[in-house]
Every structure is written in structure tokens, then in C-alpha cells.
Amino acid sequence: MLKKRFFLPLLLSLFSFGLVVACNSSTPTSQNSPSPAESPTNSTAIPIGAALAQTSNVALLGQEQVVGVKIAEKYFNDKGGVNGTPIRVVLQDTAGDEQGAINAINTLITQDKVVGIVGPSLSQQAFAASPIADRAKVPILGPSNTAKGIPQIGDYVGRVSAPVAIVAPNSIKAALKIDPKIKKVAVFFAQNDAFSKSETETFQQTLKDLKLDIVTVQKFQTTDTDFQNQATAAINAKPDLIVISGLVADGGNLVKQLRQLGYKGLIIGGNGLNTSNLFPVCQAQCDGILVAQAYSPELDNPINKEFIAAYEAEKKKLPPQFTAQAFTGIQVFVEALKRVDDKNKISTLSLEQLRQQLNQEILTGKYNTVLGEISFTPEGEIVQNKFYVARIKMDADGKNGKFTFIQ
């Protein structure tokens, strides 16, 4: 009886000890090591998100950006990726509205576990969705968000697209060089788009600073297709110059209807019209439009030459600004990731740690890009020195054209 009473507790003790050892053997030995679920390099490539408009009326812009990030993915992987580790661009469609951008950015952060994001396509979307990335401490770079106030959204929000206040005035000055007799100006802008409202403020202030007379200001929606009333009112004011802030589809249709109604003077298009996707919209009537540029295929540096060659091999034409800026966004992430890896191997960092260190490296780095040499202010504003103005020249059949750089 004594043996039984002694043996049973001993057996239970040994069994309990075995369970404890088994459980402890599956516990990580270091709390500082990232778990497999958190590790940004758990798969074979480092995921970089791209929240871009692939559908809706904004797709004419977003599709050019998609090309840019895809070219960048191949280009930088062919050069070794991030110190030997490839990158993987994860695309999510923002469509053309704020909710689409919110959904895309949430998905990239919580499901795709990206280290950073290039996007969204529109300033309007950025004001709604970029705060989500900032709160999650995920660095996000706007490829075409030029409205006032974008970098001020938060510490993790920056942009590789120069603000409209710097770029837009160049086209007005170019118009005055072409026709010094310009006095009266009609202004159009899309009132439902944050970028267009910001851009028209810059245009109108520049016109006032240059002592030009704004004879009418006409508003429209980016979803409009009929501009007969606004165009007629503007033409009746007999302007020497018309300035348009809108997007590709609405802006192109407005130009077309202005020409059809008999307007023969100069037209300036804002950044939303800065794409060859405009050509099928206004066709022959696109000829002569002036557009300020933050990118030029004529920039003579090695990376721009390689970028142009890659784009021409795929598209058989010169790359546009939106493609170049999206490419630049990926480049900034790759080069900043390399510096993070040089200091602390990425494989040893949790996703949260990597995102934080990546954001720091982005803001302190200097980059030789297809846009020229760029850097960032401490709040994420791009510092860029080279800007241009192009004039659209359409072919005789009115189907194809190109941006001819005049300064």
C-alpha cells in the first residue's frame, strides 16, 4: 500500500514535467526575434505596396503608374534588389474615389503586410486614405499627389510629386513667351477634386501676380461629359488664354468642345492632363496644349536612359511623367531599404521595426532619379530642382501625338 501511495504521485510528477519541457521547447528563445508572421522577408521577396487607380475614369492616369512600378520592380531586381533580396510590388486598385483608396491601403497594410506604399493616384484620395498609413506607421509616398498639404498629413506621409505651387506657374510664363499680348484669361476647374481646386488656386494667383485679367471662372465635375454651357460662357468673354485644372477624361472633352465651339487661342492644361492618354479623348483638338512638367525624357543621366529604354521596349514610345514618378517611388523605397539593411539586417527586424527605420531612411536620403536629384524635407516634401514645359504636337491624322519640350 505504501509503495502504491508513493509510486502514483511520482508518476504524475514525471508526466507533468514532460509536458512543461515539451511546451517550453516550442517557445522562441529570444523575444527580440520577429515571428514568422511578422517577418517582412518571411517569403522570398520584400513586399512594397502600390495603391493605384486601375479602374474608373482615373484609370487613364493610374494605368501609366502601374507600368512605372512594374518596370521598377524588374529593373531593381535585375540589379540585385535589396542587397540580394528581391522586391515584390503588390498592386491594389484604388479605383477613382476615396473609399477605393481606403480599401486598397487597408488591404496592403493588414493583409499584404507591405513595408511601404506608393500611392494613391489622386490628392483627393490621399487626404482620405494616407492618414490610415500614417496611423499604422507605414511609410507612404504619393506618386502624383501635388495638392497643398499632402506631406503635412503625418510623419509617415511623403511624395515624389512636386507640389503644384512650384510646377504650375511655369506653363503660364511659357504661354506669355509664346504670345506676350495675352491679357484676358478664362479659368476652368473641377470643383469635386481636391487637386484641381488646389491647382486652380495656384494658377489664379499666378495670373494675378502677372497682372493678367481673369475674365471668367467656370466650374465642372470630373464626371461631366457635356461642357457646352461653360465653354460658351468662356468664349463669350473673349479670352486670349484658357487654363484648365481637371483630369484626363473631363479635361480632354472640355478641350475638344472648346475647339469645336470656335476657340482658337492658347490652352494650358494642368497636371491632370499630363498624359498621352489624353490624345484619344480630344484627338486633333489636343494640338498646342501647354503642360508644365516635372519629368523630361531629355534629362541626361544613366538611370533615365535605362528607364526610357525599358519603357520604349514595352510601349514603343517615350515615357510620360506619371510613369516616371511611380518608378521613382519604388526607387526611393529600394534605396532606403538598402540603407536599413546595411545598418540592421532586415531579416532580424520585425515588420513594425522595419517600417519605422525605413521611414527614417527615406527622409534623410538623397536620390539620383529619372526626375533628377531629389531629397526630402523632414516632413516628407520632395526637394526637386528640374522642371519643364511641354507643348502637345498631334500627328496629321489626329490619332497620335507627343509632348514636345519647349523649356
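The values are calculated or read from the model by the stated rules, or taken from the named source; none is laboratory data. What you see is a predicted model, and the numbers here were worked out from it, not measured in a lab. Cβ atoms come from the backbone with ideal geometry, glycine included; neighbour counts cover every protein chain shown. Only protein heavy atoms, including side chains, enter the accessible area calculation; ligands, DNA and RNA are left aside. Shrake-Rupley method; radii C 1.70, N 1.55, O 1.52, S 1.80 Å.
Counting Lys and Arg as +1 and Asp and Glu as -1, each charge on the Cβ, what is the dipole of the chain about the Cα centre in debye, to the nearest 20?
340
Quick check on region 171-294: take the gyration tensor over C-alpha atoms, sort the square-rooted eigenvalues as a ≥ b ≥ c, and tell me if it's rounded (a/c under 1.5), prolate or oblate.
rounded
In region 168-230, what percent of the accessible surface is made up of carbon and sulfur (1.4 Å probe, ligands and nucleic acids excluded)?
Working: 1380 of 3080 Å².
It is 45 percent, rounded to a whole number.
Find which of Ala324, Tyr311, Ile244 sits farthest along the positive direction of the dipole of region 193-331, computed with +1 on the beta-carbon of Lys and Arg, -1 on that of Asp and Glu, about the Cα centre.
Ile244
Output wanted: per-residue J couplings in Hz (rounded whole) for region 57-71, from phi through Karplus 6.51 cos²θ - 1.76 cosθ + 1.60, θ = phi - 60°, x for Gly and Pro.
Going residue by residue, I get 5, 8, 4, 4, 8, x, 5, 5, 6, 4, 4, x, 6, 6, 4 Hz, with x marking Gly and Pro.
Once the Cα gyration tensor of the chain is diagonalised, what are the square roots of 5 times its eigenvalues, in whole Å and ordered largest first, as equivalent ellipsoid semi-axes?
The answer is 52, 21, 18 Å, longest axis first.
Between 0 and 90 degrees, rounded to the nearest ten: what's the tilt of helix 169-178 against the longest Cα principal axis of the chain?
Roughly 30 degrees, rounded to the nearest 10.
Could you sort 237-247, 379-389 so that the peptide with the highest average Cβ count within 10 Å comes first and the rest follow in order?
237-247, 379-389
On average, how much accessible surface per residue is there in the chain, in Å², for a 1.4 Å probe, leaving out ligands, DNA and RNA?
45
Would you mind calculating the gained length between Ile178 and Glu314 on full extension (0.36 nm times residue separation, minus the Cα-Cα distance), in nm to one decimal?
That works out to 45.5 nm of additional length.
Taking amide H positions as placed 1.01 Å from N in the peptide plane, with prolines and chain starts having none, which residues 5 or more places from Val90, or on another chain, fall under 5 Å of its amide H?
Ile48, Gly49, Ala50
May I ask you to work out the translational diffusion coefficient for region 55-154 at 20 °C, viscosity 1.002 mPa s, via Stokes-Einstein with Rh from the Kirkwood sum over Cα pairs, reported in whole µm²/s?
The diffusion coefficient I find is 153 µm²/s.
For region 44-131, which whole percent of the accessible surface, found with a 1.4 angstrom probe, sits on carbon and sulfur atoms?
Roughly 49 percent of what the probe reaches on region 44-131 is carbon or sulfur.
Label Gln191 and Asp155 with points 7 Å out from Cα along Cα→Cβ: what is the distance between them in nm?
Calculated label separation equals 4.0 nm.
How much length, in nm to one decimal, is gained on full extension between Asp209 and Lys399, taken as 0.36 nm per residue of separation minus their Cα-Cα distance?
64.7 nm
Subtract the Cα-Cα distance of Gln360 and Asn236 from 0.36 nm times their separation in residues, and report this length gain in nm to one decimal.
Full extension from Gln360 to Asn236 adds 39.3 nm.
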